[in-house]
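The values are calculated or read from the model by the stated rules, or taken from the named source; none is laboratory data. Note that the coordinates shown come from a computational prediction; the quantities given were computed from them, not determined experimentally. Don't worry about glycine lacking a Cβ; one is built from the backbone with ideal geometry, like all the others, and counts go over all protein chains shown.
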Amino acid sequence: MPRRVQRLSAMALKHFVEPGLYPDGDGLHLQITGAGGRSWVFRYWVSGRERRMGLGSLRMVSLAEARQAAQEAQRLRFQGVDPLEVKRGTQRNALSQGHRRPPDQAPPQPVAERSVAVTFEAAVEAYIEGNRSAWRNEKHAKQWTSTLTTYAFPHMARLAVHDIETRHVLSALEPIWVEKSETASRVRGRIEAVLDWATAHGHRSGDNPARWKGHLDQILPAKSRVSKVTHHAALPFKELPSFTRCLAGAGGVSARALEFAILTAARTGEVIGAEWQEIDLTAKVWTIPAARMKAGREHRVPLSGQALEVIEWARQRALAQDVEGQLAGHIFPGMRAGQGLSNMSLLKVLKTLGRGDLTTHGFRSTFRDWAAETTDYSSEVVEMALAHTISNKVEAAYRRGDLFEKRRALMEEWASACFSS
């Protein structure tokens, strides 16, 4: 569920002085500018682009009034209407009429009260906005917008959600179901989620035409039957020592990051996003916060002697570049200040070494094969070292520890195997 925003209070408004946006929830924000201006804005997204609609200054509009205006704007959004365009249209009409209306003429009916069906496009935008705070990063929202805009919108963007039927869903899925099975499967799931949202908000009723089990599974072939699962190219573990010797001779931050990824059996994103505050040199532990883990749970990585050597190299480099001698930010910094390496940087190292046939993620498979064929460690210990989730819910419920000391011994052996002669 989306995290709830801490609501503002009339008392707290007096203490906000720093320029920025202060959220109240439902798209409402208090905006403070560098010139000291304090006003209310309604913030929302249209086709992935942010829009802001002014609701008046703090001096003229109270918190309660701003909330009511934001709710009206939000209601327009759910009805498929852009509130900023409505506001502009009202202003244009007022100017053209000279702010005059015959006494016997009733005021125009508010657009929010007209019977306007919610379109699929509007439902998508509302769903993404409602779930944005619960997603780990903005990239997730962009992926939703991109896939649905590309594959679903051409067939149902302007359709009212209560009119969407199976044939509309199929028109979006069938052209890509075989050639882009993974993408098609995600598109289907996202359409289903948006239509479920629409049903929950009273915008449609009946069964969901995008559901898989007992419906589309009777029409479309299973994803496993139309696509072959491609695994990341992995280096045979017997070839690992010769590869790591070549890697050790390569200079640069990216090469050391790749070496660290191999020694810790970590994912690329976990390594390039690693920060100094996550490293405990005394305990020899790298603690990756839940927000950066695929499973959404904190993961402790025991650091072998060789992994600590990489950290020491990075430490000396960081201290040499910082006149204050402070360790902060990314362990493996990128070219731009304040940013880590890119996802492609480690792959570029592999290509430079003449091993463009490999992937960084494939070294996790190398680690798994090595552990299975040359050690006596249980599969449970190895899976924990890889930070894999437990598919068996019963087993997961009873597992309490993380087998850390066993994993420390395992990672020391792995490091030795990586650099054995």
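Quick notes on this structure:
- Residue that is farthest from SER205 (Cα to Cα), among those in region 149-189 that are touching a Lys or Arg at 6+ places or on another chain (Cβ under 7 Å) and of a type in the set (Gly, Ala, Ser): SER181
- Cβ pairs under 9 Å, 6+ apart, first in region 20-34 and touching a residue at least 40 places away in the same chain (Cβ under 8 Å), second of a type in the set (S, T, N, Q) and surrounded by fewer than 17 Cβ atoms within 10 Å (Cβ to Cβ): ASP24/GLN6; ASP26/GLN71; LEU28/GLN71
- Checked against the criterion of being assigned by TED's automatic domain parsing to the domain that holds TRP370, small (Gly, Ala, Ser) and touching a residue at least 60 places away in the same chain (Cβ under 8 Å), region 317-333 contains not a single residue that satisfies it.
- Flag for ALA250 being assigned to a loop (DSSP other than H, G, I, E, B), in contact with a strand residue (DSSP E or B) (Cβ under 8 Å, 6 or more places away or on another chain) and in the same structural domain as THR352 (by TED's automatic domain parsing): no
- Within region 44-68, if we keep just the residues that are polar (S, T, N, Q) and at pLDDT 85 or above, the residue that is nearest to TYR151 (Cα to Cα) turns out to be GLN68.
- Here the helices (runs of 4 or more DSSP H) wholly within region 73-167 that include at least 1 residues being of a type in the set (Lys, Arg) and either at pLDDT 80 or above or surrounded by 13 or more Cβ atoms within 10 Å (Cβ to Cβ) (or both) are 83-96, 138-147.
- Residue satisfying all of: in region 9-43; surrounded by fewer than 17 Cβ atoms within 10 Å (Cβ to Cβ) and among the β-branched types (Val, Ile, Thr); modelled with the lowest pLDDT among these: THR33
- Any hit, region 206-214, residues being part of a loop (DSSP other than H, G, I, E, B), among the acidic types (Asp, Glu) and at pLDDT 85 or above: yes
- Region 288-306, residues that are closer than 30 Å to ARG245 by Cα and in contact with a strand residue (DSSP E or B) (Cβ under 8 Å, 6 or more places away or on another chain): ILE288, MET293, HIS299, ARG300, VAL301, PRO302, LEU303
- Qualifying residue in region 265-280 (condition: in contact (Cβ under 8 Å) with a residue 40 or more places away in the chain, touching a Cys at 6+ places or on another chain (Cβ under 9 Å), in the same structural domain as LEU346 (by TED's automatic domain parsing) and assigned to a helix (DSSP H, G or I)): no
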